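Colleague: Structure incoming, see below.
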Amino acid sequence: MDYDIVADTLRIFRANSDFCVFDLETTGRSATPSARGKEPAKVLQIAARRYRYNHTDRTVKLLAQLNVLLNDPTITEIDTFLTEQVHHIGMEHIRDASRAAEYGAELVSPQEGWARFAKLQHGAVAVGHNINAFDIPFAQYDTARWGIKLPFRTAEGKALPIGYDPKTAKIFSIDTLLVARLLWHRDNRARDKGGYKLRSLATMLHIKTDPALDHNALGDINTNWMLFMAMLLPLRSYAQRFLTTVEPADQYRRMLPPLREAIPTPGQYAELRRSRDADAIERAARSAEGVDELGEPEAEVA
């Protein structure tokens, strides 16, 4: 098992308090041109929420949010499968403000949408499900067309280059898909019930979701934040038995080998929540559920 991802994720989590959870919906599946000359897909929707996590009392504050559809004049078609089976965004939603409002989003130009996202994300840790391989590259390629630079960084604090290799790049982000694969790779139900998809993990962990927002970027980031809290609060509690300060990654790796046995599988996690036997797990559950009660954000990003 490669513990580097979990170790680095835990270090980032413990050293930061502001987290920007985001998700994109797109016209297709690839951000780069295909070998057959097919044009790269483009971004239809940006949804993001910036949270502040207080590590002392373990409370969460929703600072700001963004939910926009992009009226991109270069978009001429949307993958039919995605429109019908995934995000349900059609051409009418990105051309008509009233139809965008029916979808629950604001219709803006790509330049305005990305500028607002850059403002919201600046200085925060980027969080998402498969963002290292999908959402961040998509965002970078899409904004390059409009001359906008996003504040994504490497783990060393340098600007994240466009076209990076997600398998080797060290990114200042938390990708919950990568963490879930490492923590729960032996759990049979993860393989039997949809793998490590966001909704499958939410079901296994008994995380409440809004069916009306299924496959909508805004619904996905709500679920993603709760998954983030559910997996990292137990991690944090476990680490605090061994560490009192943020240490180099190699020290985390020495601490992490027994982690596979210490962190609950999705099935065990759900059982612990029902029985209320484990303090650390229950705190994670309460924090996750509390997100639904945060109310309106302090600010919409304008």
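FYI, it's all coordinate maths here, none of it is from the lab. Note that the structure is a prediction, hence the values are computed from the model and not measured. Methodologically, a virtual Cβ is constructed for each residue, glycine included, from the backbone with ideal geometry; neighbour enumeration extends over all protein chains shown.
Colleague: Can you give me the distance in nm between label points at Phe81 and Arg145, each placed 7 Å from the Cα along the Cα-to-Cβ direction?
Modeller: 2.1 nm
Colleague: Can you pull out the GluC sites (Glu not before Pro) in the stretch 1-104 whose DSSP state is coil and whose Cβ has at most 16 other Cβ atoms within 10 Å?
Modeller: Listed in order of number, the matching sites are Glu77.
Colleague: Using 0.36 nm per residue, how much length does the chain from His88 to Thr168 gain when fully extended, once their Cα-Cα distance is taken away?
Modeller: Here the segment from His88 to Thr168 would lengthen by 25.5 nm.
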